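One structure is given here, and the rest of the page talks about it.
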Ligand code: G6Q
């Protein structure tokens, strides 16, 4: 039995769960008029309402006790201070340093890393502004009109999500493209309409060895050489972001066009680093500073607010409550702002890659469940698709709803319609519809008793489905920075409670290793028998049926 599941707080939570598990949130709201005031928090321009959750004062008290038992405040400080908390990779975890607006030194391995961070950020901004002001010229002295970020996972999802989210703040005559999939269709779809003379490629790869990225980078390079006639001016069309400078140089990228990453920044936490180059190109230095400032504010809130008033802490504790006591297997992320349409995909990586672990920090198999399956979609789109399961399915799916109080374009008719859905959904998921209410509704619709009897069971909604709502003033760089950082910290807190390392990703490494082993087997037409019968069968079928062409 693990220390966690034997801890006093955990045992008390289990007992409390048995007492509360059938209590309906309708009753909780009826019995406590102050529920919203008690269970909502504000941080700058963000309101976090967690009152529509299956909790009462006792739940909150015990969850906070759990956070205290695992010494959460100390663990938070350890992260911010650069302790080697990623113990399986022997690394500090310092994405927070990248947005640190203070003036204190931060020592890692005896060196203050802050000057280097600022220097690299200045280089990134300098390049970005040169491109934005048409000062960067390609092989034929033309200005850059298109930038292609080639990267995958952490070197892709963050920049893509942020540039989509901040679309209204981007330059309209500079097009940004993202290529991640090694499937040639991805890069070909991008290259098809591009002119190499006005295109700049960013090869974004911390390791500079990731197969998908390197294959795409090579294709981009060949495309440029073919179109430009030689490789003389390639340095004007390729820049890199990596911690592997020698490999980037070997690829042919000029040293002054290589932007540095450090091993203490995990891929999925790296959009604040030079990996965010595409973001700076899209929104400009001032807006990028706002993004960093928003994250920094969330960092300060996380570091300073008492646990019970701490948004990421409460988000995390609620997740633990559903995951480990209600045994919820998943969690939905439902942004209602169209520009956040890549946020669920981004969060899926951030959360599942961080907390999808089954071994604790001491190397033991855990005897409790860890990270949930994260899925999501733009809320409105989800309503017309999978919300059915949220309302009437057999599974409990806690959901986070994110929505702006006003939209930058502010067409009131649209925005009111949007928000009416936000409020209606959270209310309906909480309240449900009783048999009596359903009966009265059908009766009012003019159905006779026989028809009502037939239809009634299908018209009942159990409700008691938890949602937490993040209502932010508007989606701008600062708010977005804060939201992302809040979720990063939520993930961290859950990792601390589950006693796992949220900052390694051996499952991702496995994929990289396996593909490397099989790749040589695909070079010829020889049938193979080195694997299990299924893998052999699939590979041999592929070899027999693929068109006989090389390349
Ligand atoms: C993120 C993961 C992973 C990584 C990609 C790309 O935390 O480590 O998603 O970002 O595999 O790796 P490179 O940046 O090294 O190409």
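None of the figures in this text is laboratory data; all of them are computed from the coordinates on show. Please read these numbers as outputs of a predicted model, since none were measured by experiment. In this analysis, Cβ positions are derived from the backbone assuming ideal geometry, glycine residues included, and neighbour counts consider all displayed protein chains.
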Quick one: if the Förster radius is 22 Å, what FRET efficiency do residue 109 and residue 245 give, using the C-beta to C-beta distance and rounding to 0.05?
0.75
How big is the antiparallel share of DSSP beta bridges in segment 297-409, given as a percent to the nearest 5?
10
Percent of Cα-Cα distances greater than 20 Å, calculated over segment 473-534:
60
Cα→Cβ-extended label distance, 7 Å offset, between residue 133 and residue 14, nm
6.5
Using the Kirkwood formula over every pair of different C-alpha atoms, what hydrodynamic radius in Å results for the chain?
25.6
So for each of 400-408, 280-288 I average, over its residues, the number of other beta carbons within 10 Å; can you give me the resulting order with the highest mean first?
280-288, 400-408
Just to confirm the number: angle between the C-alpha axis of helix 114-132 and the first principal axis of the chain, 0 to 90 degrees, nearest 10?
70
Calculate the spin-label point distance for residue 530 paired with residue 232, positioning each point 7 Å from the Cα along the beta-carbon direction, and give it in nanometres.
4.4
Give me the percent of Cα-Cα pairs in segment 60-167 that sit more than 16 Å apart, rounded to a whole number.
75
Could you tell me the center-to-center distance, by alpha carbons, between segment 378-455 and segment 135-177 in angstrom?
38
Under the 0.36 nm per residue contour assumption, what length would be gained going from the current alpha-carbon distance of residue 543 and residue 65 to full extension?
166.2 nm
Roughly what angle does helix 533-545 make with the longest principal axis of the chain, taking Cα atoms, 0 to 90 degrees, to the nearest 10?
50
Quick one, what does Rg over Rh come out to for segment 294-362 if you take C-alpha atoms and the Kirkwood Rh?
1.00
What value in Å³ per residue do you get for the convex hull of the alpha-carbon atoms in segment 113-153?
99
Contour minus Cα-Cα span, residue 286 to residue 427, at 0.36 nm per residue, comes to 46.9 nm
The chain: angle of helix 8-20 to the longest principal axis, Cα-based, in degrees nearest 10
50
Mean shadow area of segment 237-355, taken as a quarter of the surface of its Cα convex hull (nm²)
10.2
What residues from segment 434-461 fall in the zone where the backbone N is under 17 Å from a label point 7 Å along the Cα-to-C-beta line of residue 394?
458
Rounded to the nearest 500, what is the chain's calculated 222 nm mean residue ellipticity when only DSSP H runs of at least 4 contribute -39500 (n - 2.57) each, over all residues?
-14500 deg cm²/dmol
For a label point 7 Å from the Cα of residue 406 along Cα→C-beta, name the residues of segment 465-482 whose backbone N is under 20 Å from it.
470-481
Ranked highest first by average number of other Cβ atoms within 10 Å, how do 210-218, 316-324, 365-373 line up?
316-324, 210-218, 365-373
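Multiply the residue gap between residue 2 and residue 36 by 0.36 nm, knock off their C-alpha separation, and tell me the result in nm, one decimal place.
Working it through step by step, the gained length comes to 8.7 nm.
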Counting only DSSP beta bridges with both partners in the chain, the antiparallel fraction in percent, to the nearest 5, comes to 30
Which value in Å does the Kirkwood hydrodynamic radius of segment 204-268 take, with 1/r averaged over all unlike C-alpha pairs and then inverted?
12.3
